[in-house]
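Worksheet for the structure shown next.
Every number in this text was worked out from the coordinates using simple rules, so none of it is lab data. Nothing here was measured: the structure is a model prediction, and the numbers come from that model. Positions of Cβ are backbone-derived with ideal geometry, glycine not excepted, and every protein chain shown enters the neighbour counts.
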Amino acid sequence: MKVGEHIYEVEKLIVNSPIIRSFQIKERWIRRFDAYIKVRVNLIDDSILEITQFLHADEENYAEIKRYNYHWMDSSNRLRRRWDNVRHYPDLPNFPHHHHDGDEKNVLPGEPMNLFKVLDIIAEELNQKKTTSGRQ
């Protein structure tokens, strides 16, 4: 997939996701072998997801996410979870992939992430929260 096609797929996912209420593209550019997108998303529970992806392709039809940051906050801007691959925890398994769970200092090993996985995780958590709060 070309880098531009990947950005289009990200945008399509954002537009069609049932857990996204609204969004604002903060920055977006596409070149032949590189692309970047930064989006702020408002979710159906009033939480916020900030999405940043930088893609690169060594060959024209092979786009790869080189850097990512998916920062999920509650409506008061407190961290719920952040997935990223910034290279600052070299001792963690699966370096550089990691996530911060509930607190910047609570850093856990992660796996390579993309927006599809992140939205699935968030949707599952929102569904669990809805199910739990609906019980008597």
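Structure notes:
- Cα-based Rg of region 1-134 normalised by 2.2 N^0.38 Å, two decimals: 1.08
- Three semi-axes of the equivalent ellipsoid, region 85-127, Cα gyration tensor, whole Å, largest first: 21, 13, 7
- The angle between the Cα long axis of helix 115-134 and the longest principal axis of the Cα atoms of the chain comes to about 10 degrees, rounded to the nearest 10.
- Between 0 and 90°, nearest 10: helix 3-16 axis offset from the chain longest Cα axis: 20
- Distance between the pseudo-spin-label points of R28 and L92 (7 Å out from Cα toward the beta carbon): 2.9 nm.
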